[in-house]
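For reference, the structure discussed in these notes is given below.
The values are calculated or read from the model by the stated rules, or taken from the named source; none is laboratory data. Given the structure is predicted, the values throughout are model-derived calculations rather than measurements. Cβ sites come from the backbone with ideal geometry, for glycine too, and all protein chains shown count toward neighbours. For the accessible areas, the whole protein counts, side chains as well, though only heavy atoms, and no ligand, DNA or RNA atoms are used. Shrake-Rupley method; radii C 1.70, N 1.55, O 1.52, S 1.80 Å.
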Amino acid sequence: MTFSFVRFAAGTAAATIFLTGSALDAQTGVGAHLTPYAGVLLTGNWYDGPVGTNIAATNAPMLGVQGGIPLTRGVSLVGNLAYASGDLRIGLPLFGGVNVGSATIWMYDAALELGGLAGRSRGIAPFVQGGIGGMTNDIRASVFETRATNVAYTAGVGVDVGVSDGLLVRVQAKDWIGRFNSEDAIGFRAEGNLAHNWALTAGVKLRF
């Protein structure tokens, strides 16, 4: 089931990006866009244990790219791929916590976007996004390596600032909501938190 979801999510994101590329060739001027961005991922706890203990990936810098094509005025289909790399941390009361390995996180989704400048080249305009995708965690510690993939629902808000006819600045806050997939990682199910993972990013939106 997990591999089927990964294939579906990856295929959806790839198809969206491919369609975006095709739109750049065939529909120049309709508002197709590509946005490379950078920022920080503020991660939620995977598990909360007794007396204030927890397990999570640490907050980490991230890089990503988002592509989109307009469906109608003010509505776009967007695909997103992002990467973050931090530490795997066990939180401990009084001591703060200890790093026990590293966690590389891949995030991908397909979503609908409402708002933005919608054909205007200059000005300031808010937008919202909502979609579905996944998060893949590659975990490395001194004695093991494993991978876990979970479904993630996404919701984001942001602002586009038009600088010129084809160039905008995009600032966005996006929440990736999902549970760590312990069955994928260690072979049995242990129900964890429904974690919120906030991506706070800024990028240059290139519109064609």
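Values as computed for the structure displayed
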item	result
Potential extension, ASN59-VAL40 segment - 0.36 nm per residue separation minus Cα distance	6.1 nm
Separation of alpha-carbon centers, region 151-208 and region 88-124, rounded to whole Å	5 Å
Formal net charge of residues neighbouring ALA190 (Cβ-Cβ distance under 14 Å; K, R +1; D, E -1)	-2
Heavy-atom accessible surface of region 63-185: percent carbon and sulfur, 1.4 Å	64 percent
Neighbour net charge for GLY156 - beta-carbon separation under 12 angstrom, K R +1, D E -1	-1
Zone of VAL100's modelled label, taken as backbone nitrogen in region 190-204 under 17 Å from a point 7 Å along Cα→Cβ	190-193
Paramagnetic reach from THR146 in region 32-47 [backbone N under 20 Å; point 7 Å along Cα→Cβ]	44-47
Pair-distance profile P(r), taking every C-alpha pair of region 33-142, with 5 angstrom steps and integer %	2, 11, 17, 18, 14, 11, 9, 8, 6, 3, 1
